[in-house]
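The values are calculated or read from the model by the stated rules, or taken from the named source; none is laboratory data. Note that the structure is a prediction, hence the values are computed from the model and not measured. As a convention, Cβ positions derive from the backbone with ideal geometry for all residues, glycine included, and neighbour counts pool all protein chains shown.
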Amino acid sequence: MRVYLDNAATTPIREEVIQAMLPMMRDNFGNPSSIHADGRKVRAAIEQARRTVANSLNASIGEIFFTSGGTEANNMALKCSVRDLGVQRIITSPLEHHCILHTVEALKAAYQIELVFVKLTTKGYVDYDHLTELLEDQSKKTLVSLMHANNEVGLLLDMQRVAQLCDENNALFHSDTVQTMSHFPIDVSTTNIHFLSGAAHKFHGPKGIGFIYIDGDNQLKPFIDGGSQERNMRGGTENVYGIVGMAKALELAIEELEESKAYISGLRTYLATQLTTHFDDIHFHSDLEQESLYTVLSVCFPPSPKSEMLLLNLDILGISASGGSACSSGSDVGSHVITALKGDPSRKTVRFSFSHFNTKEEIDFVIEKLKTIIPAKDLVEA
Ligand SMILES: Cc1ncc(COP(=O)(O)O)c(C=O)c1O
């Protein structure tokens, strides 16, 4: 048996998505920019996919641009805001994904923009009072970039509150929604947000395809110069299969959102309860008391000789989980998120992340295997 609990890193592609992509690979090979029938057919499929993505956010189709994934969408939002919209100050948090943190550092070096990190509460939430204080200084055009849910621990941002604060203080607002897209409803018609990002492989779509939502009032210049694809914003022949597959995956996920949320939340609670029932001194970086990203459970295991190699041992025993984000797992650099949350370095953090494909039996399997790695209560007492 092999159990996959690393769905925050990437998810398996759904069969329905593969079926939607296959005709675009086999038969519909025309270049969408060609004006003949073969091209027009593919162009229509791309525009239909754009409509699906736009509808899922209550956006207009002109506000959706396809990208190669979440990293590109986030780069585009940050870099184009500085280059084209006169942003001179970026407010962000130390818990962001590296594609935000490395980009803002690069912008600071290249454009001398002011980079400000908002304070966090002890649990790791954005300190909204500090954010308000920062935003009240309107001397520089400001962009706030804060992720909707943290990919390592699942803490949620009050997006509505931040959107309102930005609106009141004339700031632009970008949210990295890569982990929450399709897991939480997002409505841009009622949230004053300027940029959002999505990546298909996080919701059972293909890899290498994503999108950015850009509020229609913000006129950006091309991010990739070349042909006139994506209304001149991103030159290059489109990833047609990816676009069609992403739209199918998003459509299905939105249809099933409530059902999946209830099911996956149940699995997450079950794992948390089983862990505390069977093992001593288990802590969670995830917040189980407040609404949070229900696909992620970040567990902090007590120090023990075998827990040093916990992830490797789990892998050998048939369980795929992660130490943090996929980008930092496998390296011994440690997680910048856990460090920012002041996690105890002598303890091991494992991120278990779920999808609707996981089962309760798989969680039981994980608990049984964990008992062979770290001391379980029942074994200790016996
Ligand atoms: C919060 C967050 N942002 C951005 C990304 C990057 O997305 P992609 O892998 O599609 O470039 C990820 C992926 O791990 C993520 O979790």
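When you look at Ser81, is it closer than 23 Å to Thr180 by Cα and either within 16 Å of the ligand (Cβ to nearest atom) or at pLDDT 95 or above (or both), yes or no?
So Ser81 passes the test.
Looking at Glu289, Glu251, Glu230 in this structure, which one is among the charged types (D, E, K, R) and not assigned by TED's automatic domain parsing to the domain that holds Arg83?
Of the residues listed, the single one that is among the charged types (D, E, K, R) and not assigned by TED's automatic domain parsing to the domain that holds Arg83 is Glu289.
For the stretch 191-208, which residues satisfy the criterion of being among the basic types (Lys, Arg) and surrounded by fewer than 24 Cβ atoms within 10 Å (Cβ to Cβ)?
Lys207
Condition test on Lys108, is it over 23 Å from Met233 (Cα atoms), in a loop (DSSP other than H, G, I, E, B) and of a type in the set (Lys, Arg)?
Details: over 23 Å from Met233 (Cα atoms): yes; in a loop (DSSP other than H, G, I, E, B): no; of a type in the set (Lys, Arg): yes.
Taking the combined requirement at face value, the residue does not satisfy it.
With the condition kept exactly as written, say whether any residue in the stretch 136-147 is crowded, with 17+ Cβ neighbours inside 10 Å, within 26 Å of Glu256 (Cα to Cα), at pLDDT 95 or above and under 18 Å from the mean Cα position of the chain (by Cα). Spell out how you get there, then give the answer.
First pass over the stretch 136-147, keeping only residues crowded, with 17+ Cβ neighbours inside 10 Å: 142-147.
Next, from what is left, pick out any that are within 26 Å of Glu256 (Cα to Cα): 147.
Checking the rest, the ones that are also at pLDDT 95 or above come to 147.
After this cut, where a residue has to be under 18 Å from the mean Cα position of the chain (by Cα) as well, the list is 147.
Among the residues of the stretch 136-147, at least one is crowded, with 17+ Cβ neighbours inside 10 Å, within 26 Å of Glu256 (Cα to Cα), at pLDDT 95 or above and under 18 Å from the mean Cα position of the chain (by Cα), which makes the answer yes.
Do the conditions hold for Gln219, that is, is it assigned to a loop (DSSP other than H, G, I, E, B), surrounded by fewer than 24 Cβ atoms within 10 Å (Cβ to Cβ), polar (S, T, N, Q) and modelled with pLDDT under 95?
yes
Give the stretch 208-233 a look and list any residue that's more than 16 Å from the ligand (Cβ to nearest atom), within 16 Å of Ser197 (Cα to Cα) and either among the acidic types (Asp, Glu) or in contact with a helix residue (DSSP H, G or I) (Cβ under 7 Å, 6 or more places away or on another chain) (or both), or say none.
Ile214, Asp215, Gly216, Asn218, Leu220, Glu230 - these are the residues of the stretch 208-233 that are more than 16 Å from the ligand (Cβ to nearest atom), within 16 Å of Ser197 (Cα to Cα) and either among the acidic types (Asp, Glu) or in contact with a helix residue (DSSP H, G or I) (Cβ under 7 Å, 6 or more places away or on another chain) (or both).
Looking at the stretch 62-85, can you tell me whether even one residue there is of a type in the set (Lys, Arg) and touching a Lys or Arg at 6+ places or on another chain (Cβ under 6 Å)?
Keep residues of the stretch 62-85 that are of a type in the set (Lys, Arg), which gives 79, 83.
Those left that are additionally touching a Lys or Arg at 6+ places or on another chain (Cβ under 6 Å): none.
So far as the stretch 62-85 goes, no, none of its residues is of a type in the set (Lys, Arg) and touching a Lys or Arg at 6+ places or on another chain (Cβ under 6 Å).
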